[in-house]
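Rule-based calculations on the coordinates, nothing more; no lab input. What you are looking at is a predicted structure, and each value in this text was computed from that prediction instead of being measured. Methodologically, a virtual Cβ is constructed for each residue, glycine included, from the backbone with ideal geometry; neighbour enumeration extends over all protein chains shown.
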Amino acid sequence: MKKKQFVVIGMGRFGSSIAQTLYELGFEVLAVDENEDKVQDVINVTTHAVQADCTDEEALKALGIRNFDVVVVAIGQDIQASILTTLMMKEMGAKQLIVKAQSELHGKVLTKIGADKVIFPERDMGVRVAHHLISPNIIDFIELSDDYSIVEITASTEMVGHTIKELDIRARFGCNVIAIRSNGKMNISPYADDVINEGDILIVVGNNEDLNKFEVSFS
């Protein structure tokens, strides 16, 4: 099966991280930035890296956008350039267009002009850090929608030695334990009688308000 090919436009910290990670995972990655120094920084950790003005339509056309499966627009603070690049990528026939947004308003504009997915890295990281501050046991917090999320939490001392049934997480908090990671192994169908051991990581899904109560209770 042919692996996906990616274009990542904007080699700031976010864009370069995406480009390098995709490359290390074995995908073909074209990195684009108007700054020659930033292009040089990623030339050895991407398939191709080119200097081009992302607001120059002719320069973008020369990239052959239609030949790539996914275009990631990761432009930093220049919202005008982000919007213009997104609009041109859509007009050039980008198959899947993922764009970084600086704010909710910026994100709404990007969606209106054709972005298939809008991501908010700074906001999302802020959410994760906030949840970690609430409970140091929180490893990760992933929003599924405005109302529902998944949280990874290290088993607290109150959990250790008890079964899922005894903890009664569903009845007490309205959340569901969908998996348990123990000693590097993932149990994706935990039973009610499974005992929580020290060091176990619980993957819990639920409504955000219910998850918040769950986090605070076991912090």
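Tell me what the chain gives for mean residue ellipticity at 222 nm when only DSSP H runs of n ≥ 4 count, each as -39,500 (n - 2.57), the sum divided by the residue total, rounded to 500 deg cm²/dmol.
Helices in the chain give a 222 nm mean residue ellipticity of -10000 deg cm²/dmol.
Compute, for segment 33-110, the length of the dipole vector about the Cα centre, with Cβ point charges of +1 (Lys, Arg) and -1 (Asp, Glu) only. Units Debye, rounded to 20.
Value, rounded to 20: 460 debye.
Could you give the DSSP H helices of the chain that reach 24 angstrom or more along their long axis (alpha carbon positions) and whose average Kyte-Doolittle hydropathy is no lower than -1.0?
Flagged H segments: there are none.
Show me the three semi-axes of the equivalent ellipsoid for segment 90-208, from the C-alpha gyration tensor (sqrt of 5 times each eigenvalue), largest first, rounded to whole Å.
36, 15, 13
Compute the relative contact order of the chain as a whole-number percentage, counting only Cα pairs closer than 8 Å that sit 6 or more residues apart in sequence. Don't jump to the answer; show the numbers that get you there.
Values: 418 pairs, mean separation 28.7, N = 219.
Computed over the chain, the figure is 13 percent.
Taking the Cα centre of segment 151-219 as origin and charging only Cβ (+1 Lys, Arg; -1 Asp, Glu), how large is the dipole, in debye to the nearest 20?
Using Cβ point charges on Lys, Arg, Asp and Glu, segment 151-219 gives about 140 debye.
Please give the peptides 155-165, 179-189 ranked by average Cβ packing (other Cβ atoms within 10 Å per residue), highest first, as a rough proxy for protection.
The peptides rank, most packed first, as 155-165, 179-189.
Just want the answer: with Cβ charges of +1 for Lys and Arg and -1 for Asp and Glu, which residue in Val45, Ala101, Asn67 is farthest toward the dipole's positive end in segment 32-105?
Toward the positive end, the furthest listed residue is Asn67.
What whole-number distance in Å separates the alpha-carbon centres of segment 73-98 and segment 175-219?
39
State the answer as a single residue: which of Gln80, Phe120, Asn207 lies farthest towards the positive end of the charge dipole of segment 55-212, with beta carbon charges of +1 for Lys and Arg and -1 for Asp and Glu, about the Cα centre.
Farthest towards the positive end: Gln80.
Which value, in debye to the nearest 20, describes the size of the charge dipole of the chain about its Cα centre when Lys and Arg Cβ atoms bear +1, Asp and Glu Cβ atoms bear -1, and nothing else is charged?
About 540 debye.
Listed here are the pairs Lys61/Lys95; Lys4/Lys61; Lys90/Lys117; Lys3/Lys95; which of them are more than 18 Å apart at the Cα? Show your work: numbers first, answer last.
Numbers: Lys61/Lys95 14 Å; Lys4/Lys61 20 Å; Lys90/Lys117 12 Å; Lys3/Lys95 15 Å.
Over 18 Å apart, Cα to Cα: Lys4/Lys61.
Less than 20 Å from a label point 7 Å out along the Cα-to-Cβ axis of Ala171: which backbone N atoms in segment 179-219 qualify, by residue?
190-196, 205-207, 210-211, 213-215, 217-218, by backbone N distance to the label point.
For the chain, restrict the atom set to alpha-carbon positions and state the Rg and Dmax in Å.
Rg, Dmax (Cα atoms, Å): 21.3, 64.
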